[in-house]
Amino acid sequence: MYFSVLGSVNHCVRLLIGLLLSIMCILALFQVIVRLGLSELGITTSAPWSEELGRIMMIWMIFLGVAYAFRSGQMVALRLLSDWLPRRIRVVMEGLVAIVVVGFAVLLIKVGVQITEFGWLEKSPVLQIDKAYVYLAMPVSAALMAVNALSTFIEDTFFTRVDMSNRLDSEQGGVQ
């Protein structure tokens with residue numbers, strides 16, 4: 001049950017990443033149309049709110065993407081060497097990697113919470129929203145990264161885990 005709940009959470013994260021990317025593309029197109037299209041009419045203006053909102057979305061998308069990549073098997077650098085090792089050595093190495101990743105995630109959570117606390121005192125320049133909402137991406141994603149790294153290690157070591165990278169390729173019409 002735990003793995004199915006985590007799978008649902010990660011599925012929602014994947015959808016959110018796609019939504020953020022789509023909105024960022026629309027905002028970038030809007031900004032180009034406003035700058036170039038209106039300048040052709042002699043109107044010089046811009047929409048600075050779209051740039052700021054796009055940056056905020058990019059920050060969230062990147063942090064969530066890293067956390068999601070740990071669960072979906074998309075961290076190529078972590079998988080490259082372990083695929084060539086004998087099972088016992090691979091398990092030890094993946095355990096060490098999981099410990100390092102979780103330790104790093106705990107550090108990110110700690111620092112992220114501290115930065116977020118300061119963010120309540122500061123507003124973004126254009127949208128005037130608390131910067132804490134931007135900084136919150138770090139501890140939230142780090143927590144998900146820690147859970148995903150541990151869960152992936154446990155599932156790979158003690159259970160037969162479905163290879164998510166192949167599943168993602170087939171869902172997207174790619175080659176398995």
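Values quoted throughout were computed directly from the atomic coordinates according to the rules given, and no laboratory measurement underlies them. Here the structure is a predicted model, which is why all the values come from computation and not from measurement. Cβ placement follows ideal geometry from the backbone for every residue including glycine, while neighbour counts extend to all protein chains displayed.
Descending by average beta-carbon neighbour count within 10 Å, the peptides 142-152, 128-138, 85-95 line up as 142-152, 128-138, 85-95, the highest first. For the peptides 20-27, 34-41, the ranking by packing is 20-27, 34-41, with the highest mean count of neighbouring Cβ atoms within 10 Å listed first. Distance between the modelled labels on Leu121 and Ile26, one decimal in nanometres: 3.7 nm (7 Å Cα→Cβ projection). Taking the longest Cα principal axis of the chain as reference, the axis of helix 48-72 is set at about 10 degrees.
Modelled spin-label separation between Leu41 and Val5, with each label point placed 7 Å from Cα along the Cα-to-Cβ direction: 5.3 nm.
Over the chain, DSSP H runs of length four or greater, each weighted -39,500 (n - 2.57), average out per residue to a 222 nm ellipticity of -24500 deg cm²/dmol. Annotation: for a label point projected 7 angstrom from Cα along Cα→Cβ of Leu16, residues of the stretch 121-137 with backbone N closer than 14 Å are 133-137. Counting 0.36 nm for each residue step from Leu81 to Val34 and taking away their Cα separation leaves a gain of 12.1 nm.
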